[in-house]
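Each value in this text was obtained by applying a stated rule to the coordinates, not by laboratory testing. Only a predicted model underlies this, so the values are computations on that prediction, with no experimental measurement involved. Methodologically, a virtual Cβ is constructed for each residue, glycine included, from the backbone with ideal geometry; neighbour enumeration extends over all protein chains shown.
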Amino acid sequence: MPGIDGLRQRAGRYLPALLFAPLLWLVFVPVAILIVSAFKPTGFLFDPGYTADHVRDVWLTGEIWRLIWQSLIFAAGSSVLALFAGGFLAWLTERTDVPGAGAMRAAMLLPMAMPPFLLAIGWIMLASPRTGALNAAAMNWFGLSFAPFNIYSMGGMIFVEALALTPSAYLIMAPAFRMIDANLEEAALMAGASRWQVLTRIILPVMTPAIAGTAIYLVVISLVVFDVPGTIGIPAGIKLLATHVYDLLNHAPTGLPDYGPIGAIAMGMMLTLVVLSLVYQRMMKRAGRFVTVTGKASRARAFPLGGARKLLAWGVWLFLAVTVAAPLLALAWTSLLPWQMPLNAESFAQFTLANHGLFLRDPALLKAIWHSLVIAVVASTFTAVLALLTSWAVVRAKAPGAALMDILAFLPLAFPGVLIATALIYVYLTVKPFPVYGTIWIITIAHATVYLSYASRVTNASVAQMHPELEEAARMNGASWLRTMFRIVAPLALPALVAVWIWIFAHSLRELGAALILQGADNKTVPTLLFAYWTQGQPTKTAAVGVWMVIVLVALIAIGQGVQRWASQRQAES
Amino acid sequence: MTEFTRRGVMQGGALAGASLAFGARPAFAQSKELQELAAAAAKKPPVVWSESSSDEQMKPVIDAFNKRYPDIKVLFIRNTGGNTLAARVVQESQAGTSPASLLTGDHQQFEILRQRGLVVERDWKPLGVDAAITPKPHLIATSAAIAVLVWNKNKVKDADIPRNYMDLVDPKWSGKVGSWVRAPNMVSLAKVEGEAKIRDFTQKLVANKARMYDSTYQLAQEIGSGEIDVGLGLYHTTLVPLNQGAPLAWGATDPLGVATIFSAVVSKGANPEGAQVMAAWLGTAEGANAYEAGTGRGNPAVAGSKTAEVVKGRRTSEFTIDETPTYIRLLAEYNKILSDGRTRK
């Protein structure tokens, strides 16, 4: 019977080969199309000729560097804030004795139910300089002659983007905090270390892969995200790289999208991602330091917060009230208005349910809900399974080609969903055996591709924290590789898998960019309906759709949370 | 300011020149060739029609068409923003898939398709379409986007109401003025006003801390809410919050910036015959009025339409189709000023 080395060898031999196929298909093919487009004179894949003009024009002008600088300010600001907020909240709920940790865990996921596009609209209603409800309240209450908040600024954009990213940061780091071996803490305490020393010299170093993975993820996603820069940045006159790509795609003066320059920019983003992936992999190679889930039973000891317990708990609830409840209330209020107006007593008198009535009577709605649910369920399930297998091959089996495989899994993060979708149009127009063009399945594939990056970061961190001795023990007892995966790896990774599933499910349900590009006659989703209202100049109707969308998503996330708790308990018991 | 002049018509584009001629035509006429095309179209797959309007807006238009032509099936597929109409046709054609048969949007996109031999070029007269609204064999004028001044009635005193576009750069509107982040309005005005004057206006507008909006619908809503006081918007998008009860008002600029929106038939579509019938129908009073009722965008060339009333007696400004290279050059330049102006500082 082969030992763990034999197991690694066999799995290492076959699994990467099997996994390369979907990864190449999902990631490499569309990315290659984008890159080839960068060298086409017209930007169209099948047009004749090649040129380096687009690459030269994009990268040798001062404009791109100015945009990159602006984008880096935005990305760094929002990532640092989200990393701090998400990490601190994950530590609080997973490793301390803060009261109400269970409720906080559930509440932390609620912001995910609100698409960043709607979050931005909610904050515009609250903090726009002249009609924002918070400004009006502050000026009335404190007699100020100026508006203290201005959402139409770089600071405003960073704030809203950080809020949008915080649940993701929390979701990546919370399972990692949860899985830290309590024996490490015990040993440190036994050796006379203080609680603070345990935190800074045990917990944080052990968390390095998760923190690094989260930081890289947040920086890259905030470099390519469009929702907040588009909704707040364009009116404010603040142009970022993502807004520039959007301009090239939608506002080209010739009337044709500038696919060439878009491909050239995508190449730069891709190279940055490859470098970040390699940095991340180097950190993961030292993963032995971070092995924390062993076969030995351990029970986490809660960090005592002492007198600060209640204060911190109130702080968390205040944070959630401001970041989640306030924009949601603004949105709900707006949904009850006949047209966009300031949220004040005068507008209260205008309340109407007409927007909700119109939306609920829309015959396209039921079909769109069904489409959205099917896409979200299939994309989240497929991506979670693929991410776990990829992580196992990359982190555990360290198979030949593992580094490339990890880069492939991470690469889609460099491309906004709309670019992946544009490439997929070519893929599925030309590949006739897969007649998915114009159907919900092409959107499902787009979502699986786009969200694989996030999923693989979470599962990488989870697998890195499992000690090989568990699989070794299973193997010693005669379990096959498949059985070991089913009975050892998957159950141990279950909390992370469920977290990934919930995250992708929620993000897929609210995803707009790719769904719009891939929209055909019969694959409309709820967000495309929402966007239809918005682009017709009906923000109040948009708010009504948004409110219902958030309500449904909150209910679904709550169910997912229940499953995740059950999985965690099951893992703890085993 | 609003006086109709011969010079304006001569300088205006296809639509401005068409308004007199088309207004005199009968509401609907079916030629023999049109009947034959309709009969052929009825035996083919649905006419796939693609443009930027929503399904909700297009349904009444298609219903009206089907009242006239019940045997021609129409399938609408929205192209959000309308900016990838031509790109989608090129991609689908290159892959050997049938693209949409009928497109409605900017003429620049259709010129690209014409150069690739992907649009039907024909004499539209036998289908009953007035030559005045077919400036090129592949284009039928369907509607128009008209630049207008918009202001909030509660925020702007009568004495301060902007009388023309240059009033928007008055320092009193600093931070309280808005604009579409794209420059078609400016380019239209440049035809009559001159490139330099409009470049100066655009730069001053940005310097006046104008709030830029990705959509003129959003611009109108923000003026209605009082977040900004005044702006340069579009007529049909201003009507939406106005009809909802928002305290908005609009006024014409002088000259009136007009951007004609055209329909084109894709030769590789599954039902180009049906698309020709539909394009011709959209050029009739019946079709144009149905389109205006559904989308809010009317055809100023159709007498009796609301949009024709807006244009009536005013000096219009629009580049002709033959001046497309100038249009594209100015659009690129002015777009850049609008989208980059404040970031560059």
(message) Suppose we keep just the DSSP beta bridges with both residues in the protein assembly as shown; what percent of those would be antiparallel, to 5?
(response) 55 percent
(message) When 1/r is averaged over all different Cα pairs and the result inverted, which Kirkwood radius in Å belongs to region B:29-80?
(response) 11.9 Å
(request) Using only Cα atoms, locate the centre of region A:515-562 and the centre of region A:83-153, then give the distance between them in Å, rounded to an integer. (result) 22 Å
(request) Arrange B:F262, A:F226 by Cβ neighbour counts within 10 Å, fewest through most, would you? (result) A:F226, B:F262
(request) Relative to the compact-globule scaling 2.2 N^0.38 Å, provide the ratio for the alpha-carbon radius of gyration of region A:93-168. (result) 1.37
(request) Write down the radius of gyration of chain B and its Dmax, each obtained from C-alpha positions, in Å. (result) 20.0, 62
(request) Counting only C-alpha contacts under 8 Å and six or more residues apart, can you give the relative contact order of region A:4-573 as a whole percent? (result) 23 percent
(message) Run through region A:23-65 and list the chymotrypsin sites (Phe, Trp or Tyr not before Pro) located in a DSSP loop whose Cβ has at most 16 other Cβ atoms within 10 Å.
(response) A:F46, A:Y50
(message) What does the charge count around A:R105 come to, taking other residues whose C-beta lies under 11 Å from its C-beta (Lys +1, Arg +1, Asp -1, Glu -1)?
(response) +1
(request) Could you give me the percent of Cα pairs per 10 Å distance bin for chain A, shortest bin first, beginning at zero and ending with the bin that holds the maximum distance? (result) 3, 17, 27, 27, 17, 7, 2, 0, 0
(request) Determine the dipole magnitude for region A:4-573: charges of +1 sit on the beta-carbon of Lys and Arg, -1 on that of Asp and Glu, nothing else is charged, the reference point is the Cα centre, and the result goes in debye to the nearest 20. (result) 1340 debye
(request) Would you be so kind as to identify which of A:G86, A:V275, A:L470 lies farthest towards the positive end of the dipole of chain A, taking Lys and Arg as +1 and Asp and Glu as -1 on Cβ and the Cα centre as origin? (result) A:L470
(request) Write out the chymotrypsin sites (Phe, Trp or Tyr not before Pro) in region A:117-154 meeting two conditions: DSSP loop, and at most 14 other Cβ atoms within 10 Å of their Cβ. (result) A:F146
(message) Among B:R199, B:R297, B:R315, which one shows the highest mean-square fluctuation when chain B is modelled as a Gaussian network with alpha-carbon springs under 10 Å?
(response) B:R199
(request) Give the dimensionless ratio obtained when the Cα radius of gyration of region A:435-489 is divided by 2.2 N^0.38 Å. (result) 1.68
(request) Please list the radius of gyration and Dmax for region B:209-345, considering alpha-carbon atoms only, with Å as the unit. (result) 17.7, 53
(message) Taking 20 Å as the cut-off for C-alpha to C-alpha distance, list the pairs among A:K524/B:K67; B:K43/B:K136; B:K172/B:K204 that go past it.
(response) A:K524/B:K67; B:K43/B:K136
(message) Less than 13 Å Cβ to Cβ from A:L516, Lys/Arg counted +1 and Asp/Glu -1: what total charge do the surrounding residues give?
(response) +2
(message) Please compute the volume of the convex hull spanned by the alpha-carbon atoms of region A:432-574 and report it per residue in Å³.
(response) 133 Å³
